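Visitor: Pasting in a structure now, in structure tokens, and then I'll have a few things to ask.
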Amino acid sequence: MSAIVAGAVQISAAAFAPLLPGAIQTLKARLQGRRGASPLQPYRTLRRLWSKTTVDPLGTGFVYRLAPAVVAASLLGALALVPVAGRALDLGLGHDALALLGFLALARFAVAAAAWDSGSGFALMGAARDLMIAVAGEALLVLALLLAALPAHSSDLRAMSAAGGGAHIWGEPAHWCAAIAFALVLLVETGRQPIDNPDTHLELTMIHEGPLLEHAGRDLAYLQWAAAARHWVFLVLGAELFMPHWGAFALRLALLALGVGVRGRVSGALVSTILALGLGVIVVRRRSFAIGFVAAQSLALSLGALGLAGGRSSAFLVASFVLLAKAVVLPALLFALVRRTRERRPVPAAAGPLLRLAGAGAVALSAAVLVPPLGLGDAHVERVAVALVLVGIAIVVARRPAFFQLLGLIVAENGLSLLAVSVPGGLSYVIELGALFDLALVVVVAAAFAQRIHAEFGTGDTELLRGLRD
């Protein structure tokens, strides 16, 4: 039954693949404070292109005419190879990682060959750049898949997915190296900054879109669908090989979609999600999104404590309700502060979002590698808790608005709460309630301070405080 459901997800990927880049573009626009296009915009584009006829440039041959069909067929084969939650239909293609590399390489070769056959200068420049970057990108992909195959002793993607489950695999330095290498491959294959800019419309700067300039109509629809399918393949492959997952098929499918799980202990996926939400605060520009990340982080902590409440002590039950109150009450206070301190224009950042994310990620990775076991409980939870405290401090240092510095304090306190939850037997409920009272007091004072800054300067930019003199 699970294989049938996984097969249905694999087959539906052909239909839902265009939704992925559409949703990414919509989320990107919202994070930048713009409305953006609908997530369904790629479907409208494909429908418009499908209603048009193809146009063959003068001098092109059968290579140009066959390339779109070859690219689409190669990506269909890649979709059939990648398992979903460790399951996949047996369609006679196998599930070998080398076969997946072959399908992806064939699609890239077909696009480059069509660009060369057309003889267009812009298409040739784009294809040449794409192949130049692919030399490094495909080598990194082979290395990442090789390191992911070592624990499984097999190149079968299903076995590699099973070997990558759980949090224990992250104790291996090779798996960290493979995950970092695959993250770089994602940037290369999906055409994201700093490798490429998917929003550019300049022929001289195009990389992935450059080889497609001479295509039109249904041929272009094939190629754009294949690009969306490539997004799907790499994101699902990364989730299968480098996201913690375990248990039955239904649980793994839920983890694949949500990245969250609670199973009688603070799970590795839940802990990783808490850390990812903290990293999100250092990236986003809109204060409402940052509040949502902090609220979701506190809610995840309360779910983890509630999962422990039934089996270890009543203190965890008190801790879960304390954290749940923090996930509801504090965001309400913060939203009220946002309404009272409207920003007329965005506060300029001292560093870009990617640089801030890289710095915070380096801090979290250093904590995971360098912090020794504290002996309080799960070593993985301890390392993530320390990393979360450091990420909160990094938010305070890297973000100029007073509001985001307040959120950094809350993120750091959530790291301490995660460390307290990991203590065997739990902490005293008196300590939990006292910590909540202290945090509420800090939030109220910091909110009043932020409101005062906004009233004096018309903005929450703390950089302006440097100009104050006695």
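Visitor: Does any residue of segment 131-154 turn out to be modelled with pLDDT of 85 or more and closer than 28 Å to ALA37 by Cβ?
Guide: Yes - at least one qualifying residue is present in segment 131-154.
Visitor: Kindly check whether there is at least one residue in segment 129-150 that is closer than 18 Å to ALA181 by Cα, part of a loop (DSSP other than H, G, I, E, B), touching a residue at least 24 places away in the same chain (Cβ under 8 Å) and not aromatic (Phe, Trp, Tyr).
Guide: The answer is yes; a qualifying residue exists.
Visitor: Another one. Among the residues of segment 56-87, count how many are in a loop (DSSP other than H, G, I, E, B), surrounded by 14 or more Cβ atoms within 10 Å (Cβ to Cβ) and of a type in the set (A, V, I, L, M).
Guide: The number of residues fulfilling the criteria is 2.
Visitor: Among the candidates ALA159, ALA174, single out the residue that is farther than 20 Å from LEU354 by Cα and modelled with pLDDT under 85.
Guide: Result: ALA174 is the single residue among ALA159, ALA174 that is farther than 20 Å from LEU354 by Cα and modelled with pLDDT under 85.
Visitor: Follow-up. Tally time: how many residues in segment 30-62 are hydrophobic (A, V, I, L, M, F, W, C) and within 19 Å of ALA227 (Cα to Cα)?
Guide: 5
Visitor: Quick check on PRO331: is it modelled with pLDDT of 75 or more and surrounded by fewer than 21 Cβ atoms within 10 Å (Cβ to Cβ)?
Guide: yes
Visitor: Among the residues of segment 53-73, which ones are at pLDDT 90 or above and either in contact with a Lys or Arg (Cβ under 9 Å, 6 or more places away or on another chain) or of a type in the set (Asp, Glu) (or both)?
Guide: If the condition is that a residue be at pLDDT 90 or above and either in contact with a Lys or Arg (Cβ under 9 Å, 6 or more places away or on another chain) or of a type in the set (Asp, Glu) (or both), then PRO68, VAL71 are the ones that fit.
Visitor: So in segment 282-325, with the set limited to residues that are modelled with pLDDT of 70 or more and either on the phi > 0 side of the Ramachandran plot or among the basic types (Lys, Arg) (or both), which one is surrounded by the most Cβ atoms within 10 Å (Cβ to Cβ)?
Guide: Of the residues in segment 282-325, the ones modelled with pLDDT of 70 or more are 282-301.
In the following step, the residues that additionally are either on the phi > 0 side of the Ramachandran plot or among the basic types (Lys, Arg) (or both) were identified as 285-287.
Values: ARG285: 16, ARG286: 15, ARG287: 19.
Looking at residues that are modelled with pLDDT of 70 or more and either on the phi > 0 side of the Ramachandran plot or among the basic types (Lys, Arg) (or both), I get ARG287.
Visitor: Got at least one residue in segment 113-135 being hydrophobic (A, V, I, L, M, F, W, C), in the same structural domain as LEU66 (by TED's automatic domain parsing), touching a helix residue (DSSP H, G or I) at 6+ places or on another chain (Cβ under 6 Å) and under 26 Å from ALA364 (Cα atoms)?
Guide: No, segment 113-135 contains no residue that is hydrophobic (A, V, I, L, M, F, W, C), in the same structural domain as LEU66 (by TED's automatic domain parsing), touching a helix residue (DSSP H, G or I) at 6+ places or on another chain (Cβ under 6 Å) and under 26 Å from ALA364 (Cα atoms).
Visitor: Continuing with the same structure: Examine segment 335-346 for a residue that is of a type in the set (Gly, Ala, Ser) and either in a loop (DSSP other than H, G, I, E, B) or modelled with pLDDT under 75 (or both), and state whether such a residue exists.
Guide: Applying the first criterion (of a type in the set (Gly, Ala, Ser)) to segment 335-346 yields 336.
Next, only the ones that are either in a loop (DSSP other than H, G, I, E, B) or modelled with pLDDT under 75 (or both) stay: none.
No; the residues of segment 335-346 include none that is of a type in the set (Gly, Ala, Ser) and either in a loop (DSSP other than H, G, I, E, B) or modelled with pLDDT under 75 (or both).
Visitor: Follow-up. For residues that are part of a helix (DSSP H, G or I), aliphatic (A, V, I, L, M) and at pLDDT 70 or above, tally how many sit in segment 233-270.
Guide: Of the residues in segment 233-270, 6 are part of a helix (DSSP H, G or I), aliphatic (A, V, I, L, M) and at pLDDT 70 or above.
The values are calculated or read from the model by the stated rules, or taken from the named source; none is laboratory data. Here the structure is a predicted model, which is why all the values come from computation and not from measurement. No Cβ is skipped: glycine too gets one built from the backbone with ideal geometry, and neighbour counts run over all protein chains shown.
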